[in-house]
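J.: Once you've had a glance at the structure underneath, I'll fire off some questions.
The values are calculated or read from the model by the stated rules, or taken from the named source; none is laboratory data. In this text the structure is predicted, and so the values were computed from the model without any measurement. Here the Cβ positions follow ideal geometry from the backbone for every residue, glycine too, while neighbour counts run over all protein chains shown. The area values use the complete protein model at the heavy-atom level, side chains included, leaving out ligands, DNA and RNA. Shrake-Rupley method; radii C 1.70, N 1.55, O 1.52, S 1.80 Å.
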Amino acid sequence: MQRVFSGIQPTGIPHLGNYLGAIRNWATLQADHDCLFCLVDMHSLTMPWSPQTLREQTLGAAACLLAAGIDPTRLYNQSAVSAHARLGWIFNCVSRLGWLNRMTQFKDKAGKNRENHSAGLYVYPNLMAADILAFHATRVPVGDDQLQHLELANDIAQKFNHDMGVEFFPKIEPLVPPAAARVMSLRDGTKKMSKSDPSAQSRIVLTDTADEIAGKIRRAKTDSEPLPSEMAGLAERPEARNLVTIYAAVSERTPADILSEFGGQGFGPFKNALAELLVQKLAPIATETSRLLQDETHLLSVLRTGAERARSVADPIVNEAESLVGFLR
Ligand code: TYM
């Protein structure tokens, strides 16, 4: 059985992009893969944080993932499993500055004020490679914004193997969903939907109420043309394309099928149908999340059990990696 690993930053309640790009796929893969899913709290320190908020957001994200169908025995938080940090350090010394300099996500996040960002933000992709390779995972379900990081992880694995003269780390294969690999902001169809966008109107989060979802979809930016009947008509219309993509992904239909239903109509009826569909799919997740959040002790114990299982897989692998680099054990 192939081993699957994936992670999400607990920097806020997961949004529709996280759900369609990653989480929904995770839930499906559990049936026939050996899966580990991680709340990457160590990655969340790469941008300014508050300890209390991080704690609350980690619990919130845990509840949300469980509510979205993630098996409790496969979920844990990264900092509870020291293998991540141990292998992360080795990879800091295998990875090359030239490789990290190419990472577009660092450039986007650091913006113009690079000098003032944490060193962690810069070496983050090395830790991400360690997250996966500490488990010898071979399949990684992610949205397409993570593809460059996965290429880097493969470069690191290959260099490690080459330098140590072994075939120790396997090749990683990204699993990107065919639909909705990149869900865009509801306010700007050229920007990715993101937890860090200052406008809450730009994203639907998995705990939004029915009214919030309907309001966000109603206010979602569109243009003045009716919906086209063919896909080609969406080419220069990023906001319309994004909403059609979301509709198709959530309903598990093709965008062409959606356009054959709504083509020629204005956005009014389409938005009403989309809001209704989203409420129907997401409301049960929101209800279950708030139920789970009432029992913090239970959530902590789920994460603790998940971490024990994760340790039992990763520790022998990272012990071996440490021996290979020449650490005395
Ligand atoms: P994060 O927390 O930004 O996002 C979690 C997952 O959601 C996907 N995603 C999206 N998919 C479609 N449309 C969007 N707008 C969208 N926004 C986010 C991401 O691609 C991701 O799959 N570096 C990772 C976390 C990480 C990780 C790992 C992932 C750490 N270690 C090891 C895989 C394997 C991140 O910041 O994801």
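J.: Does Phe160 satisfy being at pLDDT 95 or above, among the aromatic types (Phe, Trp, Tyr) and open to solvent by 30 Å² or more (accessible area, probe 1.4 Å)?
T.: When the stated conditions are applied, Phe160 does not pass them.
J.: Leu227 is checked against (1) within 21 Å of Lys107 (Cβ to Cβ); (2) away from the ligand (no atom under 16 Å from the Cβ) and fails just one. What number does that condition carry?
T.: Unmet for Leu227, out of (1) within 21 Å of Lys107 (Cβ to Cβ); (2) away from the ligand (no atom under 16 Å from the Cβ): (1).
J.: Spot the failing condition for Ala63; the list is (1) part of a helix (DSSP H, G or I); (2) within 14 Å of the ligand (Cβ to nearest atom), and only one is missed.
T.: In the conditions (1) part of a helix (DSSP H, G or I); (2) within 14 Å of the ligand (Cβ to nearest atom), Ala63 misses (2) alone.
J.: Sticking with this structure for a sec: Every residue in the stretch 106-116 that is touching a helix residue (DSSP H, G or I) at 6+ places or on another chain (Cβ under 7 Å) and not aliphatic (A, V, I, L, M), please.
T.: Kept after step one, since they are touching a helix residue (DSSP H, G or I) at 6+ places or on another chain (Cβ under 7 Å), are these residues of the stretch 106-116: 106, 109-110.
The answer is Phe106, Lys109.
J.: Then there is this: Inspect the stretch 50-59 for any residue being near the ligand (Cβ under 8 Å from one of its atoms), on the phi < 0 side of the Ramachandran plot, touching a residue at least 60 places away in the same chain (Cβ under 8 Å) and out of contact with any Ser or Thr (no Cβ under 8 Å at 6 or more places or on another chain) and give the result as yes or no.
T.: no
J.: Which residue pairs have Cβ atoms under 8 Å apart, sit 6 or more places apart or on different chains, and have a first residue in the stretch 187-211 that is farther than 17 Å from Ala275 by Cα and a second that is away from the ligand (no atom under 14 Å from the Cβ) and part of a loop (DSSP other than H, G, I, E, B)?
T.: Listed pairs, sorted by first residue: Asp188/Lys221; Gly189/Lys221; Gly189/Arg237.
J.: State the number of residues belonging to the stretch 266-289 that are open to solvent by 60 Å² or more (accessible area, probe 1.4 Å) and of a type outside the set (Asp, Glu).
T.: 6
J.: Which members of the stretch 103-135 meet the condition of being of a type in the set (D, E, K, R) and away from the ligand (no atom under 16 Å from the Cβ)?
T.: Lys112, Arg114, Glu115
J.: Is it fair to say Leu97 is open to solvent by less than 10 Å² (accessible area, probe 1.4 Å) and more than 11 Å from the ligand (Cβ to nearest atom)?
T.: No.
J.: May I pose another question? Which of the residues that make up the stretch 1-40 are near the ligand (Cβ under 9 Å from one of its atoms) and open to solvent by 20 Å² or more (accessible area, probe 1.4 Å)?
T.: Matches in the stretch 1-40: Gly7, Gln9, Thr11, Asn18, Tyr19, Asn25.
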